[in-house]
Every structure is written in C-alpha cells, then in structure tokens.
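Below: the structure, in structure tokens.
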Amino acid sequence: MLESLFDELKRASDFSLDGNPRRFAELVEEIARSGDPAIVPRLLGFFDDQTSFPDAMFAIVHAVEQFDDTVYLTGLFSMIEETWAASPEWLMVLHYRILNSPDTMKRYREMVGRLSRRQKVALRDLLVRIKNNEPEFSVRCTVLIKAMSRFSFF
C-alpha cells in the first residue's frame, strides 16, 4: 500500500500539471497516517527549493513533525547530507522549527553526538549558516554545534 502511495506521490510531484499540488499534499497526509517511521526520510526526499507551491512542501513538514521526536530526528539525520545538498532551504525551515521547539531541540542535542562525521559536517554547515543569517538563533545554534563537538567531530 505505501509503495503505491509513494509511486502516486512521485507522479503528483510534477506540479506543472493542474491539481497536482493539492493531490501531493493529500497523499503526504495519507502516507503520514500510516505511522510508519520509514516514511520520514522518504518524504524528506521530496523537498524542492525551486517549487512555486510551498504549501505542498509544508505538507511534508507537518507530516514528519507528527512523529515522536526520536523517530522524526532519526529520519532527518539519516537524510541530512542528501537534503542539505538537494534542498537546503527546506532543511533550514525544519531547523528553524526545531530551534523554536524546546523539547525537540533537547532531543536533537542528545542525539547529535552519535552522528557520523559527514552528518556532523553537514549539520555544522547548516547551523553556522542559520547562526550567521538569523542572530536570534545564534545561541541555540551554538548549543547544538557544541553538542556535536563534545564527541569526535573530525
């Protein structure tokens, strides 16, 4: 069932076709209702910084945020390098939301030290960009960067 929904989601991701942005968001919601943690990284792969339909991308944001923080962050961390390369703007949106959620940020801080070197490098680059561009997030970004460096970083 999920495979057929993801196949349909792929077809609906062609937003040049009439009705597809709305159908895309509906499919994301339907997929999220499965409650399967494996959907988190798969949905993140659909982020598109070039889209003219941000509501479709926010459907992904809301779907992945429905999961328990550990499930959500595990899926996010598993796709961090790919998402940073393919869709940095939407990855930053997720991080702004994480930085604004004390509970999610706490869990993030607890988990980030166990990531691979490559994942930490991607996250450090992302957090430094946010820190430099958005001064109100500077302290929170620094906390997360320090949490990464408490463990072997390089």
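So which residues in segment 6-25 are surrounded by 14 or more Cβ atoms within 10 Å (Cβ to Cβ) and out of contact with any Ser or Thr (no Cβ under 8 Å at 6 or more places or on another chain)?
Result: Phe6, Glu8, Leu9, Ala12, Ser13, Pro21, Arg22, Arg23, Ala25.
Which numbered condition trips up Ser78, out of (1) outside the structural domain of Arg140 (by TED's automatic domain parsing); (2) touching a residue at least 24 places away in the same chain (Cβ under 8 Å)?
(1)
Give me the pairs: first residue in segment 51-73 and over 12 Å from Gly35 (Cα atoms), second residue hydroxyl-bearing (Ser, Thr, Tyr) and assigned to a helix (DSSP H, G or I), beta-carbon distance under 6 Å, and six or more apart or on different chains, which are they?
Once the first residue is over 12 Å from Gly35 (Cα atoms) and sits in segment 51-73, its partners that are hydroxyl-bearing (Ser, Thr, Tyr) and assigned to a helix (DSSP H, G or I) give Asp69/Thr104; Leu73/Tyr108.
Residues of segment 1-36 being touching a helix residue (DSSP H, G or I) at 6+ places or on another chain (Cβ under 7 Å) and in a loop (DSSP other than H, G, I, E, B), which ones? First the steps, then the outcome.
Taking segment 1-36 as the starting set, the residues that turn out to be touching a helix residue (DSSP H, G or I) at 6+ places or on another chain (Cβ under 7 Å) are 2, 5-6, 8-9, 12-15, 20-21, 23-25, 27-32, 34, 36.
Those that are touching a helix residue (DSSP H, G or I) at 6+ places or on another chain (Cβ under 7 Å) and in a loop (DSSP other than H, G, I, E, B): Ser13, Asp14, Phe15, Ser34, Asp36.
For Ser87, which of the numbered conditions (1) in contact with a helix residue (DSSP H, G or I) (Cβ under 6 Å, 6 or more places away or on another chain); (2) within 30 Å of Thr51 (Cα to Cα); (3) in contact (Cβ under 8 Å) with a residue 40 or more places away in the chain fails to hold?
The number of the failed condition is (1).
The values are calculated or read from the model by the stated rules, or taken from the named source; none is laboratory data. Please read all numbers here as calculations on a predicted model, not as lab measurements. Every residue, glycine among them, receives a Cβ derived from its backbone with ideal geometry; neighbour counts consider all protein chains shown.
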